[in-house]
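Each remark here refers to the structure printed beneath this line.
Bear in mind that the values in this text are calculations on the coordinates, not laboratory data. Values in this document were obtained by computation on a predicted structure and should not be read as measured data. Positions of Cβ are backbone-derived with ideal geometry, glycine not excepted, and every protein chain shown enters the neighbour counts.
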Amino acid sequence: MRNGDVSFWWRQIGLPAPRPALPGDLDVDVCVVGAGFTGLWTAYYLRRLDPSVRVVVIEARFAGFGASGRNGGWLTNSVTGGRERYGRDDGIRQQAALNAAVDEVIRVADGEGIDADILAGGELNVAYTPAQLARLRAFAAAEAKWPGADVVELSPAETRDRVGVARPLGAVWHPHCARVHPAKLVRGLAEAVERAGAVIYEDTPAPAISPGRVETPRGTVRAAHVLRATEGFTANLRGEHRTWLPMNSSLIVTDPLPAEAWDRIGWAHADTLGDLAHVYTYAQRTADRRIAFGGRGVPYRYGSRVDTDGRTQERAVAGLTALLHRAFPDAADVPIAHAWSGVLGVPRDWAASVGHDTATGLGWAGGYVGTGVTTTNLAGRTLADLVLGRDTDLVHLPWVGHRAKRWEPEPLRWLAVNAIYAAYHAADRHEARGRPATSPIAKLADLISGH
Ligand SMILES: Cc1cc2nc3c(=O)[nH]c(=O)nc-3n(C[C@H](O)[C@H](O)[C@H](O)COP(=O)(O)OP(=O)(O)OC[C@H]3O[C@@H](n4cnc5c(N)ncnc54)[C@H](O)[C@@H]3O)c2cc1C
């Protein structure tokens, strides 16, 4: 089994040919820092909307090195942090914008000739314990009140018809989700950005950004607009140490399963597959007949340290493997080919945001927690409109300009995150023994985390 190497997705398609580093000092209109989905979508729409704008993207390693090239490939419509926080009308608008963003990513991929194994089979979340089933029912009832959520509840038999998981007690499904190959999508998007006329400089870390200036060891970029698109790596930027907590998530992927196993499992529509656990898992059926299966490993490293090469801990691999085999006994004899991890950005209130200060020209987008594959597209379009001063519906969405308070200093931050995840793991263990309702330990952890 390989461990690290950025991700299985990148190893499968090969790392991209390196792009040049920043050649020295530069004057442009917009400097985007970070070449993940956020930075790339922003550059893409800026150039598509106004080809006269000079846009550069500064990237510490290579385009797609971060979460964008490592994730579970759920192109889904989640409103990070929940739409309830915005009130009814704004919540409905935010949901509609995310539903549309799923379609927009598919439309652009199609139009730009990006083959990213996209299959729009919807999102399936399964309950495996009585407590998960109770949460599932409450969730389905709450979702039914929101137009655009389009969640339907499935019986155990209907669940197995979609994906042949072992012993499901029920599931919820909605149609606004597609399975993607993350590295193919981010690689193709970077190329589309270049075709649109923006320049990506790689191997150029920016330790500090300020109004009008991005300083790097290779030169300084002066720009009227400086946009931070560094997500889980934001804690490394000067002055941003407590803005978003870098949270780790890990994945494993199997070798291709034999045809007889797929005959039993089905999974014909390639729905993305999750569960209702507190420490939840997320999975996809890959285009080459593997199962990629993810969840939290060691969630947080002291001092907001972030990873470098995607290596994950042995106990994260063992934990994910056990859960994979519980859901898919047919995969028990199939070797795990690769394990890796990535880092995502968590704001103190768990709500994503996008914004731009017209006075300073500084902008940002992120804090997507585990649901950024679609939201980054909405963020990119919104940032482009904000920078260009366009008065569109997007710039009036409720997440625009939102700011969360900063995280606590260490050692409080480390203690709190580890205590919260220990509590969630304990609650999952209690519930696995048959508790009919959510464990009180999890309720306490929800309260502490502000989740
Ligand atoms: C393991 C994992 C699984 C996930 N699964 C899903 C999923 O299935 N569905 C979903 O919706 N979301 C998922 N997510 C979240 C999703 O991948 C992210 O929200 C999204 O990719 C964020 O994109 P981004 O461009 O903001 O950040 P990133 O992709 O992390 O990009 C940030 C970039 O900035 C660069 N950078 C950072 N600091 C600097 C600096 N100082 N100077 C220059 N460059 C810098 C980094 O090298 C990196 O390339 C997952 C995340 C992880 C880690």
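Listed from fewest to most Cβ neighbours within 10 Å, the set His325, His396, His225, His356 follows the order His396, His325, His356, His225.
Sorting 46-55, 183-192, 121-130 by their mean Cβ neighbour count within 10 Å, with the most densely packed peptide first, gives 183-192, 121-130, 46-55. Taking amide H as placed 1.01 Å from N in the peptide plane, Asp275 has its amide H under 5 Å from the amide H of Val126, Thr281, each at least 5 places away in sequence or on another chain.
With θ taken as phi - 60° and the Karplus curve 6.51 cos²θ - 1.76 cosθ + 1.60 applied, the whole-hertz 3J(HN,Hα) list for the stretch 241-246 is 4, 10, 5, 10, 7, x Hz, x standing for glycine and proline.
Given axes a ≥ b ≥ c from the Cα gyration tensor, I'd like to know whether the stretch 25-126 is rounded (a/c under 1.5), prolate (a/b larger than b/c) or oblate. Prolate, since a/c reaches 1.5 and a/b exceeds b/c. Estimated from helices alone, the mean residue ellipticity of the chain at 222 nm is -10000 deg cm²/dmol (sum of -39500 (n - 2.57) over DSSP H runs with n ≥ 4, per residue). Counted residue by residue at 0.36 nm each, then reduced by the alpha carbon distance between them, the extension gain from Ala318 to Arg195 reaches 40.0 nm. For the stretch 410-419, the Karplus equation 6.51 cos²θ - 1.76 cosθ + 1.60, evaluated at θ = phi - 60°, returns couplings of 6, x, 4, 4, 5, 4, 5, 5, 5, 5 Hz by residue, with Gly and Pro reported as x. Note that the stretch 324-341 has calculated 3J(HN,Hα) couplings of 4, 5, 5, 6, 10, x, 5, 8, 4, 9, 8, x, 7, 7, 7, 10, 7, 9 Hz, one per residue in order, obtained from phi through the Karplus relation 6.51 cos²θ - 1.76 cosθ + 1.60 (θ = phi - 60°); glycine and proline are x.
One way to sum up the overall shape of the stretch 276-391 is the equivalent ellipsoid from its Cα gyration tensor, whose semi-axes run 35, 17, 12 Å, largest first.
In this structure the amide hydrogen of Arg19, modeled in the peptide plane, comes within under 5 Å of the amide hydrogens of Glu202, none closer than 5 places in sequence on its chain. For His338, nonlocal amide neighbours, meaning residues 5 or more places apart or on other chains whose placed amide H falls under 5 Å from its own, are Arg2, Val253. How much of the pair distance distribution for the chain lies past 27 Å, counting alpha-carbon pairs only, in percent? It works out to 51 percent of all Cα pairs.
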